[in-house]
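One structure is given here, and the rest of the page talks about it.
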Amino acid sequence: MKTNRQEFPGPTSTVTRLHTLCRALPIVVLALFVLQLQLFVPLAFAKSQTAEQWSLQIERVDPAGANLEPSFSAAIYENLLQELSKSKQFKQVFRSGDRNANDVSGLLVLKTVVEKYTAGSETRRAVTTISGATKLRVRVQLVTRDGHVVLEQTVAGNVRFIGSNLRVTHNLAHNIAKSLKQSALPQPTQETGKDSTLTP
């Protein structure tokens, strides 16, 4: 009569299986980690992309007491529109007096006042790098419709080397856009009302 014997794995076989499991475990953990990144990182990115942004209305530049040519004020204004639209920091960028901004919630108004202007010389800059620089310094404010000042900074721009004097307006607008981009702004609110005035 034949009897059926049940064979059990020996100690060596069990140890081998344990070693195989131990080697496979890091791979499984890594695969789970990668899967988690694939699931949650796009979700977090999507949330950050859909976070509510301020809209911005840019007022005309106030030359104040500076002896600034009208062409410079106009150039600063146009360059601000270009640079701040390009920065993607704001949901919408409106020109001064644009009626489409009246019904927009979460609107900030950018006010720019010239504090100091030094007229340079293109000819002198071409001869020497020591003198002839064109310099502009302005005070910028971001204010809400109800007059609350969200941000106030002094920003400068200059042309020290070869280049048109009007190049200073582009450099200034670029520096303003960069400065605003690096600033922490509060979350937009659903305020409404008339545009605010520049605080002293």
TODO: Would you please name the residue that is modelled with the highest pLDDT, looking only at residues in segment 134-151 that are crowded, with 18+ Cβ neighbours inside 10 Å and not in a strand (DSSP E or B)?
DONE: T144
TODO: Kindly indicate which of P200, P188 is at pLDDT below 95, within 25 Å of G65 (Cα to Cα) and in a loop (DSSP other than H, G, I, E, B).
DONE: P200
Open item on the list: Taking the criterion of being assigned to a strand (DSSP E or B) and modelled with pLDDT of 95 or more, would at least one residue in segment 63-85 satisfy it?
Closed with: no
Task: When residues of segment 157-185 are limited to those that are over 18 Å from the mean Cα position of the chain (by Cα) and not in a loop (DSSP other than H, G, I, E, B), the one farthest from L56 (Cα to Cα) - done: V159
Open item on the list: Whether any residue in segment 59-67 is in the same structural domain as Q141 (by TED's automatic domain parsing) and within 20 Å of the chain's Cα centre (by Cα) is what I want to check.
Closed with: yes
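The values are calculated or read from the model by the stated rules, or taken from the named source; none is laboratory data. Since the structure is predicted, the reported quantities are computational estimates derived from the model, not experimental observations. Cβ coordinates were reconstructed from backbone atoms using ideal geometry, including for glycine residues, and neighbour counts include every protein chain displayed.
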